[in-house]
Amino acid sequence: MPMTTGTPRPSFEGATAWFNATGAAAAAQAEGHPTLVHFWSISCDLCKKTLPRVQKFRDERAGEGLRVVAIHLPRGEADTDAEAVREAVAMHKITEPCAMDNEHKLRAAFQHKQGEVPAYYLFDRAGKLRSYAAGAQSLDMLESAIERVLTTEDSKASAGAVETSQNSP
């Protein structure tokens, strides 16, 4: 059964390898931040076409708190080669923490459908799922979801800051 809105972000434990960070570092970076988790595969042409847009979200929205974690999901035996994934991570400029999920433990934790890539899970600052999208048109839906999460989060933070300053002695 797929994850539903409001479901807590699963642990990043169980990856067979990590690139650019450890699983513990990825979890620490995500803690308290809106986080986009994207599943991709080196054998997925659509994934390769969408990676620049994911990078744009990562780079342009980082100042607003957005964090990104990539999960490489093998779709076949050739996709399980760690060196090939490492080369793809470098070639496609994936600078965020990137897990390699050869044993499909992360796929299971995210209740992710077998072989469905690219796919995107957006979590809010509290670590609750706010949006899921997969496939060719998914980034269009994701862009508006990121905007909503960041705007809502900023509004809540601002309101809390105002309330705190008004209640201060």
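The values are calculated or read from the model by the stated rules, or taken from the named source; none is laboratory data. Everything quoted here is computed from the prediction, not taken from an experiment. Because the Cβ atoms are built from the backbone with ideal geometry, glycine has one as well, and the counts that use them run over all protein chains shown.
Structure values in brief
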| read-out | value |
| --- | --- |
| Residue that is farthest from LEU73 (Cα to Cα) [pool: residues in the stretch 102-134 that are assigned to a loop (DSSP other than H, G, I, E, B) and without any contact (Cβ under 8 Å) to a residue 40 or more places away in the chain] | ALA126 |
| Condition check for VAL68: closer than 24 Å to LEU129 by Cα and hydrophobic (A, V, I, L, M, F, W, C) | yes |
| The stretch 81-101 - residue that is over 15 Å from CYS47 (Cβ atoms) and touching a residue at least 24 places away in the same chain (Cβ under 8 Å) and, of those, surrounded by the most Cβ atoms within 10 Å (Cβ to Cβ) | PRO97 |
| Subset of the stretch 111-128 that is of a type in the set (A, V, I, L, M, F, W, C) and more than 11 Å from the chain's Cα centre (by Cα) - its residue that is surrounded by the fewest Cβ atoms within 10 Å (Cβ to Cβ) | ALA126 |
| Qualifying positions in the stretch 83-132 - more than 21 Å from ALA21 (Cα to Cα) and among the acidic types (Asp, Glu) | GLU116, ASP124 |
| In the stretch 49-66, the residues that are among the β-branched types (Val, Ile, Thr) and under 22 Å from THR152 (Cβ atoms) | VAL54 |
| Filter result (part of a loop (DSSP other than H, G, I, E, B) and either at pLDDT below 95 or not hydrophobic (A, V, I, L, M, F, W, C) (or both)) within the stretch 57-83 | GLY65, PRO74, ARG75, GLY76, ASP81 |
| Looking only at the stretch 5-21, and only at residues there that are within 13 Å of the chain's Cα centre (by Cα) and crowded, with 16+ Cβ neighbours inside 10 Å, the one that is nearest to ASN102 (Cα to Cα) | PHE12 |
| Selected residue (only one of MET91, MET1 is at pLDDT below 95 and either in contact with a helix residue (DSSP H, G or I) (Cβ under 8 Å, 6 or more places away or on another chain) or among the hydrophobic types (A, V, I, L, M, F, W, C) (or both)) | MET1 |
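Residue-by-condition table, conditions (1) in a helix (DSSP H, G or I); (2) free of Cβ contacts under 8 Å to residues at least 40 places away in the same chain; (3) in contact with a strand residue (DSSP E or B) (Cβ under 8 Å, 6 or more places away or on another chain); (4) farther than 9 Å from VAL69 by Cβ:
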| site | (1), (2), (3), (4) |
| --- | --- |
| PRO2 | no, no, yes, yes |
| GLY6 | no, no, yes, yes |
| PRO10 | no, no, no, yes |
| GLU13 | no, no, no, yes |
| TRP18 | no, no, yes, yes |
| ALA26 | yes, no, yes, no |
| GLN29 | yes, no, yes, no |
| HIS38 | no, no, yes, no |
| ILE42 | no, no, yes, yes |
